[in-house]
1. For the stretch 1104-1195, what is the accessible area per residue in Å², given a 1.4 Å probe and the full set of protein chains?
2. Relative contact order of the stretch 744-893: what whole-number percent is it, with Cα pairs under 8 angstrom and at least 6 residues apart?
3. Starting from the Cα-Cα distance between Q309 and Q346, subtract it from 0.36 nm times their residue separation and give me the gain in nm to one decimal.
4. Any idea of D497's accessible area? Nearest 10 Å², probe 1.4 Å.
5. If the cut-off is 24 Å between C-alpha atoms, which lysines fall inside it for K435, apart from same-chain ones fewer than 8 positions away?
6. Along the charge dipole of the stretch 742-898, pointing to its positive end and built from +1/-1 on Cβ of Lys, Arg, Asp and Glu, which listed residue (V858, M776, P798) has its Cα farthest out?
7. Applying 1/(1 + (r/R0)^6) with R0 = 56 Å to the Cβ-Cβ distance of K489 and Q1236, what FRET efficiency is obtained, to the nearest 0.05?
8. Efficiency by 1/(1 + (r/R0)^6): what FRET value for E1502 and L918, r their Cβ-Cβ distance, R0 = 25 Å, to the nearest 0.05?
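The values are calculated or read from the model by the stated rules, or taken from the named source; none is laboratory data. All values derive from a computational prediction rather than experimental measurement. Here the Cβ is made from the backbone with ideal geometry for all residues, glycine too, and neighbour counts use every protein chain on show. Calculation scope for accessible area: heavy atoms of the full protein, side chains included, ligands and nucleic acids excluded. Shrake-Rupley method; radii C 1.70, N 1.55, O 1.52, S 1.80 Å.
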Amino acid sequence: MTLPAEVREKLAELELELSEGDITQKGYEKKRGKLLAPYIPQIQGVDPSLQIDNRIQASSQAVHPGSKHNKSRAPNTRDERFRSDLHTEAVQAALAKYKERKMPMPSKRRSVLVQSSVEACTPPDTSSASEDEGSLRRQGRLATSTPYQGHGHPAVEHWFNRVIQGSSTSSSASSTSSHPGGRSVTTTNTTAHAALNANAAATVLADLMAHTQLDNHSAAPPDVTGLLERSSRHTERPQVASVRGVSRGYNHHTTVMETADGVPVNSRVSSKIQQLLNTLKRPKRPPLREFFVDDFEELLDVQEPDPNQPKPEGQQMSPLEGDHLGLVNKWPPSLPAALQRWGTTQPKSPCLTALDNAGKPVYTLTYGKLWTRSQKLAYTLLNKLSTRNEPLLMPGDRVALVFPNNDPVMFMVAFYGCLLAELVPVPIEVPLTRKDAGSQQIGFLLGSCGVTLALTTDACQKGLPKAQTGEVATFKGWPRLLWFVTDGKHVVKPPKDWHPPIREASNDIAYIEYKTSKEGSTMGITVSHSAMLAHCHALTQACCYTEAETITNVLDFKREAGLWHGVLTSVMNRMHVISIPYSLMKVNPLSWIQKVHTYKARVAVVKSRDMHWSLLAQRDQRDISLSSLRMLIVADGANPWSISSCDAFLNVFQARGLRPEVICPCASSSEAMTVAIRRPPEMGVPPPGKAVLSMGGLSHSVIRVDTEEKLSVLTVQDVGQVMPGAVVCVVRVEGTPYLCQTDEVGEICVSSGSTGVAYYGLPGMTKNVFETIPVMSSGVPISDRPFTRTSLLGFVGPDNLVFVVGKMDGLMVVSGRRHNADDVVATALAVEPMKFVYRGRIAVFSVSVLHDERIVVVAEQRPDASEEDSFQWMSRVLQAIDSIHQVGVYCLALVPANTLPKAPLGGIHISETKQRFLEGALHPCNVLMCPHTCVTNLPKPRQKQPEVGPASMIVGNLVAGKRIAQACGRDVAQLEDNDQARKFLYIQDVLQWRAQATPDHPLFLVLNAKGTVASTASCLQLHKRAERVAAALMGRLNTGDHVALVYPPGIDLIATFYGCLYAGCVPVTVRPPHPQNLATTLPTVKMIVEVSKSVCILTTQAIMKLLKSKEAAAAVDIKSWPMVLDTDDLPRKKSPQMYKPPTPEMLAYLDFSVSTTGILAGVKMSHAATSALCRSIKLQCELYPSRQIAICLDPYCGLGFALWCLCSVYSGHQSILVPPLELESNASLWLAAVSQYKVRVTFCSYSVMEMCTKGLGSQTEALRLRNVNLSCVRTCMVVAEERPRIALTQSFSKIFKDLGLSPRAVSTTFGCRVNVAICLQGTAGPDPTTVYVDMRALRHDRVRLVERGSPHSLPLMESGKILPGVKVIIANTETKGPLGDSHLGEVWVSSPHNATGYYTVYGEEALHADHFNTKLSFGDTQTMWARTGYLGFLRRTELTDASGERHDALYVVGSLDETLELRGMRYHPIDIETSVIRSHKSIAECAVFTWTNLLVVVVELEGSEQEALDLVALVTNVVLEEHYLIVGVVVVVDPGVIPINSRGEKQRMHLRDGFLADQLDPIYVAYNM
């Protein structure tokens, strides 16, 4: 059997690479094997790639969930936070289910890497392969351990085959294979070509995508024509790294792959995109229901509830009552009364012991001391602080307590001092900087509480940020505060006769506790004296507190459980509190256990984290005993990870005297205080409960005990019984608070005397939360007592135990299913916490994008994590969350260690993190977006409807009931004017006539950058110079030869143009190459010269040298230039006789231009068309010899060329020529010239306008002082071949209004290849109009006019008036039939100055004759039209034009070639780009294009490279929200990378080619999944 030619060719290339040492022997064999695989007969059912290399089989079998996961853990890996063996195993099993497939890794420029780890540059040592549990191991890792000696590079094989440790340096260098089974092969360049392991357990998302909720919404897979069969046979190719700082000098023969569009593509980018497509190709979702798409509204798909989803089936629950609050003898009537009692009867009794950071007791506060010091403070606050003899504070005023977490003694004195003075303490965190996370909201709370005084300690006050005056600085958003230091020397002893008022507990406010909501706003929860007392009573009864017990408290004593147990209830019962500061826990996580042992504490109050940390540190402690504990209160027992901490803690410390029944989880919230707590064993309570619940059920708020599916379960422990004296019920979360059924999850509500009372100053929210009336299914309230919502989600289980499965704050409702942020955190941490996430710091929240919540996961990565580790971890987290929660993650971001905003006790400030994410201020170092997976509510792709047939459409001049959209300029024939030039058929005859008739009349004046006249030409001078050129050409060339004119903008160009016409040659104007940028500009010159078949190049001496220079030789083949003549010193001789063309239809000149789609197109302009064009412009702009016009345009093609070289000669006016290049060194040159010469008509390009707006925006005052006055300008026209850029023209008008520019003066022109001047505002006629159209309708090729400012509205400005002699019609692009008024279609034009055809189109041969001579399929089928290739519409306005008719306005929407067909709709790149540029202040410019149905967005970043990754999510969000499109690839590049042509239009196709050929040197490339 013979092999196909292309395979033989590739084999030959491989041989060559091997012989030149570009590839290792092993790599060669593997690639050769891959190439031949399809042609080797297959063993049954085995993939051919596996036969060739059997080792892959061993490596790709994933570990079974059953395999052992508990190897010994490394000592002191402190970061493993909340491990549950059960959860970790579930996660590992879930990951093992995914087969071995790959997804593209984002590529990143070196400078953006956070750090370059050592592992990046050397093959990692095998022994470090992850041996700890939490990762999958492969059997037989060391397949080859002997270094292969061939080309002197390290042993790469085991390095590649290592499973979990990622093994590449910067990802931008990693080339990736698009073949699912293949392993990557290194090249000799060992620095960077490692690839993500294809066959290892790292294998990433691609497959996940196949299994996930993926919806491409179209049955057809993305169009990857021409790529598929190739990429499956092509294996990895050696790639040269495109990382700055990596040598590119390797001599690789990189095979170049062609894309479907015939664009040569560098394989690295393309193979990544190919992988991305592979991940997107297998939708798992059932197809969407068909539904009718209304004409204009694209309906977002509404998720219908799944008929099979679980529904609650139990009875309606009945409210659950706690025990009665027992009556206690001698129970004090209020908390201050209790303090008075113990302070006077037991003054020596210890109340509170404070520890320093070494764990040494610093001070023990006795009850006597607490009583006397609080009295002193109370007296001082009430009597010694005054303003203008008025006391500063009155009873009931609020006072801020600002105390650090390591000073509980001062806090306790201040708190009780306030209570004794009947002031309301508001404890808050110590502000560390002017702009702490969330500090502004705290300021808002203080302001709304009317706080004017802050109490603090001396040490704390010294540490606060200070203003210049030495005062404490005012923090952002805070009210003005007086700071009072409560240390001894500032307080005075009260006189003997002064006693604080000790009253019975009333309903007045006792204190205010702050709470931060999910959105980040801070509320103050007011607690009354009676509630404070009742809560102490209830806690005392529930926990069996007795007098003088010892209790250790690790929690924050300012709020929640730390305050309730450690400051309030303790005083009620004269207990001794050992307060363990957070700073000590950080240094010594065992400190609390040591203190329990030392003080023989009976109770300890901790969080799961404290138990977890102590576990990791307990090895070295032998002699501690926890046998004294009767209660270990776990304050966050409601968290999903608390159960694993409790279990693990018990496992270790049971041997040290900890009894299992001592562990008492509790559930509480700031609003309801303690909701439920497990009772101590002596109370004879039922045994603790555990529930293994199905995650799937929970997401529908249904409780299902899970048996089969062991992967996606949540194991929860009970939080004990309801508090004494309380009634608890569970109600539906949304809507009316109906009671839940017994097997339904809802929000727990409490009614008791011991909950908070209100949110201070927020009556509306208070009513919702503190005064809820639960109702039965019949609608009857269950009682007349109001209930308080606890914000805890849960249910009541067997034995009346309360179970909590989540919090309202962490609730994320995605497509109607509920997920809990804490559960997702637990899953992410179980992936491989110790290896990767720094200290377990993960934030999970949801953001709203396109009418649904989307999950975002942000984690801090360890400082030493490599790129590969990060990517691998991210991929596995996505798989795990998908598998366990059945929900897609929208965005996964990694930030450097210690950069997430911190909450006061070291946790993550979630709302601030979310805020930063949405503002683009998070600065991640890695991002993975998966919009394809989780955005499932996009509108249905549009199906094109068959058009109505012609017969029913056309009746006279109506189309389907509307006027046919056609319009024309004034009729040239009827305009009689004294146009002398009309009698000449040829433009060169006009010049000769003017040289005789008005020899000294000035025609041209060229300005240089200084604003001085560089050169001028009168009619005679121009004629003489042209004659010399003609004389030089006549001997050398034949008539009809094409001559390339390569000149800088100036009179030489104009003179040689006419010289060519005199000699009978056809001139082709070509922009000269840029001496600093020969590599890109010279090939274009060469291409035009070759394509135009020029036999000679005329130029200046300087450019001639350049064309033949050494530098030029590097860019093009300089030996193949045609004859080059320099015209600098031509002899003065007349040509023998002028050439007279036989007919005006003869070719006059060729006009070459590169279109925005990157196609070089030359059009043929006949003599007749040239004269007609000049006449038309003359009439429109009223040009006469007495006029002056200023032109700031490039003179090489289109209307710019006509205005420079043709119009002055035809009409005789003087042209002031300003070369746009000169504006780079003097931005005000053009406007100054306009002002100096009092020009009425001027032309410029968008690039010139942009230079003026950006460069002169702030200098209008300086220009005015230089007497720049623009009031003379009647029309300033922007020469363009695109939709008018309204924003730019408006800001230009606005900025220069101060210099007298009339707002009506600025307008645009429109031309294209088939006709360089279709519209031009001119001097007469109505002002240009602007309409607003619906952008969504536009996507469906419809025009729907809307009001300004309505949603999705897009302003379109008329492109100028249609020129005399020009007729325009709007035609349907498919049927070629005429369309009605205000319908979108292709603009067709008929005019005497149409070009006569393409000379050749380089790059796209399909554009042919029908562009220039086409006819309508019905209606007026006789007229010949040229197709412009632009979409637009005509609209009859109320205005009248010069002839008294109603004026028809032409609106150009955009080039057809540029439009993107996505999801059956037509998008104009500029609309998407406008949205993207608006999304972040650092985006300077943006360009979009598609590649194989993926939308690629390239953004230029103005700002630090740290911001690069912030843009990925913002760009994806805005395009989804505004255009209903999913971005496939986001590329962040440096400013100036997006190429633009001389008209200032973006060259998107060049950009696309550059991207695919990997030439952009991007800062970051993100492949959205």
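1. Working: 4030 Å² over 92 residues.
Value returned for the stretch 1104-1195: 44 Å² of accessible area per residue.
2. In percent, rounded to a whole number, it is 16.
3. Details: separation 37, 0.36 × 37 = 13.32 nm, distance 6.28 nm.
Gain on stretching Q309 to Q346: 7.0 nm.
4. That residue has around 120 Å² of solvent-accessible surface.
5. Straight-distance partners of K435: K462, K466, K476, K515, K518, K558, K902, K914, K1481.
6. It is M776, whose Cα lies furthest towards the positive end.
7. Working: r = 77 Å, r/R0 = 1.38.
For R0 = 56 Å, the calculated efficiency reads 0.15.
8. Details: r = 20 Å, r/R0 = 0.81.
Efficiency at R0 = 25 Å is approximately 0.80.
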